[in-house]
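The next block holds one structure in the form of C-alpha cells; read it before the comments.
Each reported figure results from applying straightforward, stated rules to the coordinates on display, with no laboratory input. Every value quoted in this text rests on a predicted model; they were computed, and no experiment measured them. Ideal geometry is used to build each Cβ from the backbone, glycine not excepted, and the neighbour counts take in all protein chains shown.
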Amino acid sequence: MSRRPVIAGNWKMHKLQSESAELANAVMKELKEIDKALLPEVVIAPVFTSLYAVNKALTDCGCGKVKMAAQNAYFETQGAFTGEVSVEMVKDAGAEYVIIGHSERRQYFGETDEMINKKAKKILDLGLIPIICCGESLEQREAGVTDSHIESQIKAALNGLSAEEVAKSIIAYEPIWAIGTGKTCDSDEANRVIGMIRNVVKGIAGANAADSIRILYGGSVKPNTIEEQMSKSDIDGALVGGASLTAESFGQIVKGAMKQTV
Ligand code: PEP
C-alpha cells in the first residue's frame with residue numbers, strides 16, 4: 001500500500017500574525033513550480049493567534065498546496081475553560097489538522113495520555129486529522145524502555161477509536177532527546193521504532209489501518225537529513241520544528257522528501 005507522505009512544520013511559539021502570513025506565502029512561493037499532485041501533504045502549524053491570517057494567505061493563494069494545523073486544541077466545545085481553545089474554534093479558523101501530545105505539551109503543560117485520547121476523538125468527530133506525537137526521553141532510551149513506553153502512549157491515544165478513524169490519523173514519532181537538539185535519531189533506528197508502532201496499530205485496529213496510517217519522524221529534521229529518512233520503508237514523512245521557520249529550509253525538506261517518493 002502506498003501512503004501519501006506528510007511534511008508538517010510546527011512553528012511552535014514563534015511569529016506574529018503578519019510574520020506568519022509572510023512565511024505561509026513564502027512557503028507557497030517555494031513550492032510554486034511543483035505540480036500539486038506530486039507534492040507530499042504539506043502542513044504548517046502556526047500559533048493560535050495566527051491561524052486566521054495564515055488561513056487567509058493560504059485561501060487567497062488558491063493553490064491548495066499547503067494545509068494548516070493547530071498546535072493544540074481542547075476537547076470540550078465551549079465553557080469555563082479559561083485560556084483554552086476548542087477543536088470547533090480551530091476548525092472555524094481553518095485548521096484541518098491538530099497536533100496533539102507534543103512532548104513540550106506533555107512536559108510543560110501536563111498533557112496526559114487520557115487528554116490526548118479525548119482530543120483525538122474530538123478532532124476525528126469534527127472531521128479533522130490528529131497528528132499524535134509520541135516518543136521517549138533519553139533516560140527511557142538508556143533504561144531500555146523505549147518500545148514499551150511508546151506502545152503504552154499509542155494504546156492510550158488510540159483507545160476507543162474505530163479502525164477507520166485510526167487509518168485517517170497521523171502519528172509522529174519524536175524522540176524527546178532529538179527535538180531541538182540537532183541530534184537526529186539514526187534513520188534505521190527511527191524506522192525500527194516506527195515499524196514497531198505500526199505493529200502496535202495493527203494489534204489495535206487491524207492490518208488495513210496499520211497499512212494506511214501515516215507515521216512521521218520528528219527530531220532535528222533538516223534539509224540534509226530528510227532524503228535518507230524518507231528512504232526508509234516505514235517513515236512516511238516528517239514533523240519539523242526549527243527548520244520549518246524559514247521557507248527556504250522547509251521548502252528544501254519538502255523537495256528532499258519528494259526525491260525519495262516520486
Ligand atoms: C518539533 O517541534 O516537533 C520538532 C521536531 O522540533 P525540531 O525539528 O526543531 O527538533
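Brief remarks follow.
- The dipole here belongs to the stretch 58-168: it is taken about the Cα centre, uses +1 on the Cβ of Lys and Arg and -1 on the Cβ of Asp and Glu, and is about 240 debye.
- The label-point distance for Glu33 and Leu138, in a model that sets each label 7 Å from Cα toward Cβ, rounds to 4.1 nm.
- Every helix of 4 or more DSSP H residues in the chain counts as -39500 (n - 2.57), and over all residues that averages to -13500 deg cm²/dmol at 222 nm.
- Computed with the Debye formula from one identical point scatterer per Cα of the stretch 141-201, without solvent, the log10 of I(q)/I(0) at q = 0.23, 0.27 Å⁻¹ comes to -1.04, -1.27.
- Exceeding the 31 Å Cα-Cα cut-off - candidates Lys56/Lys222; Lys56/Lys122; Lys118/Lys255: Lys118/Lys255
- Loop-located chymotrypsin sites (Phe, Trp or Tyr not before Pro) in the stretch 48-90 whose Cβ has at most 16 other Cβ within 10 Å (DSSP): Phe81
- Highest mobility in the GNM of the chain, judged by mean-square fluctuation with C-alpha springs under 10 Å and restricted to Ala57, Ala207, Ala37, is found for Ala37.
- For the stretch 1-38, the residues whose amide N sits under 20 Å from a probe point set 7 Å from the Cα of Ala207 along the beta carbon direction are 1-4.
- Of the trypsin sites (Lys or Arg not before Pro) in the stretch 23-109, the ones in a loop by DSSP (not H, G, I, E or B) with at most 16 other beta carbons within 10 Å are Lys32.
- Global geometry of the stretch 206-262, whether rounded, prolate or oblate, following the gyration tensor of its Cα atoms and the 1.5 cut on a/c: prolate
- Rounded to the nearest 20 debye, the dipole size of the chain about its Cα centre is 420 debye, using +1 on the Cβ of Lys and Arg and -1 on the Cβ of Asp and Glu.
- Hull-based mean projected area of the chain, where the convex hull spans the alpha carbons, in square nanometres: 12.7 nm²
- Nearest-0.05 FRET efficiency for Glu96 and Ser18, computed from C-beta distance (R0 22 Å): 0.45
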